[in-house]
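Reviewing the structure listed below.
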Amino acid sequence: MPPLEDPDRLAAFKDALANWSFSDYIQFDLPEEADKWIRRHLGNVTLKDIGRRMHEHVASGGEIDEVPETRSGWCEQYEYHHDLRFLIQGKEVYVETRLHYWVPIIADESWILVVNIHGR
């Protein structure tokens, strides 16, 4: 997957992640299968913990993949979706997101919607 390199989208994504401790900046709208996977494989890890780990992953140099959106129902609203892959409790976790931002990028205005989480 190609990494997110667009300076505006990258700045917006990092800004939203930096606000991980506030629920408005990383929101979750997960399918039932994702909730079940989290409970089964990650136990007591909360969604807030996952948001913090997303931030730590990117802050430590981890990549954000940028994928052109082609799926019906999504491509009408989003040009891209963004994926993160990192470890939680020794398990490889895949997090699919939608970035909400406006140009010019203003601190504390961008936010991320997490739409799926599962193992790899």
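The values are calculated or read from the model by the stated rules, or taken from the named source; none is laboratory data. These figures come from a predicted structure and were not determined experimentally. Cβ sites come from the backbone with ideal geometry, for glycine too, and all protein chains shown count toward neighbours. Quick note on the areas: whole protein, heavy atoms, side chains included, nothing else; ligands and nucleic acids left out. Shrake-Rupley method; radii C 1.70, N 1.55, O 1.52, S 1.80 Å.
Overview of values
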quantity	calculated
Quarter of Cα convex hull surface for the range 1-91, i.e. mean projection, nm²	6.6 nm²
Built amide H within the under 5 Å cut-off of Ile26, gap 5+	Ile112
Centroid-to-centroid separation of the range 87-120 and the range 35-85 [C-alpha atoms, Å]	4 Å
List Trp74, Trp102, Trp37, Trp111, ordered by accessible area with a 1.4 Å probe, largest first	Trp102, Trp74, Trp111, Trp37
Sites Val103 and Leu47 - FRET efficiency at Förster radius 25 Å, r taken between beta-carbons, to 0.05	0.35
Derived scalar couplings ³J(HN,Hα) [the range 36-53; Karplus, 6.51 cos²θ - 1.76 cosθ + 1.60; whole Hz; x for Gly, Pro]	5, 4, 4, 4, 6, 9, 10, x, 8, 6, 8, 4, 4, 4, 5, x, 4, 5
Pairwise FRET efficiency - Asp29 versus Asp65, Cβ, R0 = 22 Å, nearest 0.05	0.65
The range 43-120 - accessible surface per residue (Å², probe 1.4 Å)	52 Å²
Rounded accessible area of Asp49 (nearest 10 Å², 1.4 Å probe)	50 Å²
Rounded FRET efficiency, nearest 0.05, which uses the C-beta distance separating Glu76 from Arg40 and R0 of 41 Å	0.80
